[in-house]
1. Which of the peptides 304-311, 29-36 is most tightly packed, and how do the rest follow, judged by the mean count of other Cβ atoms within 10 Å per residue?
2. Straight-line reach from residue 427: which aspartates and glutamates fall under 15 Å, measuring Cα to Cα and dropping same-chain residues less than 8 apart?
3. So which aspartates and glutamates pass the test for residue 105, namely a Cα distance under 13 Å, with those fewer than 8 places away in the same chain ruled out?
4. Roughly how many debye, to the nearest 20, is the charge dipole of the chain about its Cα centre, given +1 on each Lys and Arg Cβ, -1 on each Asp and Glu Cβ, and no other charges?
5. For the chain, modelled as a Gaussian network with Cα springs under 10 Å, which listed residue fluctuates most, 284, 246, 398?
6. Mind checking which aspartates and glutamates have their Cα closer than 18 Å to the Cα of residue 207? Skip sequence neighbours fewer than 8 apart in that chain.
7. Can you bin region 364-443 into rounded, prolate or oblate? Criterion: square roots of the alpha carbon gyration tensor eigenvalues sorted a ≥ b ≥ c, rounded for a/c under 1.5, prolate for a/b above b/c, oblate for the rest.
8. Let me have the 222 nm mean residue ellipticity of the chain computed from DSSP H runs of 4+ only, each contributing -39500 (n - 2.57), with the sum over all residues rounded to the nearest 500.
Amino acid sequence: MNARFLFLTGLLGAATLTAHAQQLNTAKLDSLLTSLATHNKMMGSLAVSRNGQVMYSHAFGSAQLAPPVPATPATRYRMGSITKMFTAVMIFQLIEEKKLTLDTKLATFFPQLPNAKTITIDQLLSHRSGLHNLTADAAYLGYMTQPKVQAELLAMMSNYSPDFEPGAKFDYSNSNYIVLGYIVKKLGKQPYAQALQKRVVAKAGLKNTYYGGKIDPKQQEAFSYKPTGSGDWQLDTETNMSTPGGAGAVVSTPTDIDRFLEALFAGKLVSAASLGEMKTVRDGFGRGIMLMPFYGKPGYGHGGIIDGFQSIASYFPDDKLAVTLSTNAHSYTLGDAMGDVLRICYNKPYKIPDFAASTFVPAAADLDRYVGTYASQQIPLKVTLTKESGSLLAQATGQSAFPLEPVSQGVFKFDQANIRMEFDAAKPTFTLKQGANTYTFTKE
């Protein structure tokens, strides 16, 4: 739902993948997850399934810190925007039942919304409606923890000016799927939570998936946490699930999400034609599903962020491989962690990251030399470096500043985004490495 820090994209590689997911190196997966938890980089749960069989299910860290409750594979997490796949499935089921079409206008249901006479169901599904993103508005932070009813949220959305004309472009907006959730409710004549249970959960055989409410540890539900400056965790905000609805209110486990993806691609939830429509990608996004390739191998799924929870789920049809990673705390980029997992799943060369804290202390003169604004000819992004209390801070265009941890002479890192910066000793330049990407920045 609510986006957090992003620096550069380029998640999961681009080379050709030839290795098949055969024998899973579970010991290496154990080592990765243990390292993430031990160094306070992440807490959560991972599930890997192939041909409908669970190959690996492992939880790491805690579901609750005080009092301490260890996470288990049965721990349930808020899934955020992974919910959108469930909502899209129910919309396509309604299309198959002839209750609406991709061309049905939004005005059929909610004529009070901006451009309702021209916005189509297709445009809502593919984030091309122009409806302003409710959760991106500054006011959202003031009421996100409070209960809201449908009429209130529709009134808010009605007051926003459209961001662009319907169909003009892609722009991710939670408002699209909040509205689609209301349409599921209206056409099915039952609350979204009941529709979810009847139309998806029961058909896919899910055991731990439902519309969330207030976090209840007695139901094996995890709390979420955010990193502190000292390397520990503190309890994060708890969104009231009445707002995210069809855009982000599902609670589940990684194993259940894998099972959902398997059911979707096996034709248990929608027809092959409907799945084909969902997979038709423009600007990286289909209709409720994202293209998530790994080294050229086609993958489909979705990510989700809500409060301190973050998840990624992906399905690789060629190998019938489903992988879901859910976290309730992270200071290491989830996309990079998913890439780490997939490299292990596909037997690609891979070394567990070294998360040990560095004891290197850079000279003050070196920090002074690094300060300045840098630009790259490879990407339209500038990075400004400043010195504060003997440390180096970096700030990319339009983003918050973040601390750089010294590694060695001229080398710094920021593990939360898997960033490594290496300064040239003779020139006013640095090389930025993130995942498989490398960029050269020169001081202006």
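No value in this document is a laboratory result; all are computed from the given coordinates. Note that the coordinates shown come from a computational prediction; the quantities given were computed from them, not determined experimentally. Quick reminder, even Gly has a Cβ in these numbers, built from the backbone with ideal geometry, and neighbours come from all protein chains shown.
1. Output ranking for 304-311, 29-36: 304-311, 29-36.
2. Hits, sequence-local ones excluded: 366, 368, 444.
3. Residue 105 reaches 122.
4. Working: 42 positive and 34 negative charges, 230 e Å.
With Lys and Arg at +1 and Asp and Glu at -1, about 1100 debye.
5. 398
6. Leaving aside aspartates and glutamates fewer than 8 places away in the same chain, those within reach of residue 207 are 216, 221, 256, 258, 262.
7. Taking the square roots of the gyration eigenvalues as a ≥ b ≥ c, region 364-443 is rounded.
8. Working: 11 runs with 105 residues, N = 444.
Helices in the chain give a 222 nm mean residue ellipticity of -7000 deg cm²/dmol.
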